[in-house]
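Here the structure comes first, spelled out in structure tokens, and everything after it is commentary.
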Amino acid sequence: MSNIRRQKGVGLMEVLIALLLLAIGVLGFVGLQLRAMDAANEATDRTVAINIARDLAERMRVNKLALPEYKEAINAKRTPEEDEDEDEECLGSGEGYLPNCSSKKMAEFDSSQIAKKAAEVGHTVKINNCVGSSLNCIYVAWGDTNIDSNLDACIDTSTGAYVANSKCLVMEAF
């Protein structure tokens, strides 16, 4: 009898310890899920940035004569609303370019479309000289990384190395 009295509540303690271990395991799983969601969001932002940079690079490749105009228009951050009159000069009925659209107008139109796409997803686009190269690079940044005034938040301009924890993409173009 005395042995049974000493064991009263032991089953309850075992259950409470098992619940504590289960709770710790569930908290670990929740933390893992949160990190996985952050990684998925980062991957999405990187994919969008790559698509924006590729789109701009391809448009620049088609209209090589207007490379300085692309650089000027992208870096001036002109919105599509400012270019509406110019857009009508270049667009046909099927969203294709009209034959009388000049290379400068095409560059301005393309740049306004890229700026609009980037702004819709919270990205910033710049074209600047590549560090250590004579080519131009397309820089796309998102999140806390601000490249509006200079590129120091994205890339170390003295060495060309990426800044740790920056959220940006650099694509060599022309």
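Things to note:
- Net lengthening on full extension, Ala18/Lys116 (0.36 nm per residue, minus Cα-Cα): 29.8 nm
- For Lys167, the residues 5 or more places off, or on other chains, whose built amide H falls under 5 Å of its own are Trp142, Thr145.
- The amide H of Asn129, built 1.01 Å from its N in the peptide plane, has Cys137 as neighbours under 5 Å, considering only residues 5 or more places off or on other chains.
- Ordered by the count of other Cβ atoms within 10 Å of each Cβ, fewest first, Ser158, Ser166 give Ser158, Ser166.
- Checking the cross-link pairs Lys64/Lys167; Lys71/Lys167; Lys64/Lys104 against a 18 Å limit on the alpha carbon distance flags Lys64/Lys167; Lys71/Lys167 as lying beyond it.
Computed from the coordinates by the stated procedures, all read-outs in this text should not be read as laboratory data. Predicted model, so just to flag it, every value in this text is computed and none were measured. We place every Cβ from the backbone using ideal geometry, glycine too, and count neighbours over all the protein chains shown.
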